[in-house]
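Data block below; observations after.
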Amino acid sequence: MSRDKFWFAYELNREKNEAERVYRYNKGLMERKNQDGSWVEEPEQCCIFFGEEMDYEEITEDEANSLKVVI
């Protein structure tokens, strides 16, 4: 995983290919995936992200794009 670009998911269920929340980080820009598959900027997530390493799973770009967001 590059520290310039990475993806992560909360409450990931690989069997159902879904997660409660999916995020991507790209060179300082944090985005959240919507239920419709679009991405929206969510810069405040950077403040929450640090220190929550036990709550999310790192995923690949392909996983992030294929996951269904359930919340």
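Each reported figure results from applying straightforward, stated rules to the coordinates on display, with no laboratory input. Treat the numbers as computed from the prediction; the structure is a model and nothing was measured. Every residue, glycine as well, gets a Cβ built from its backbone with ideal geometry; the counts of neighbours run over all protein chains shown.
Each of E15, E63, E41 was scored by other Cβ atoms within 10 Å of its Cβ. Listed from fewest to most, they are E15, E41, E63.
Counting only residues at least eight positions apart within a chain, or on another chain, the lysines with an alpha carbon under 18 Å from that of K16 are K33, K68.
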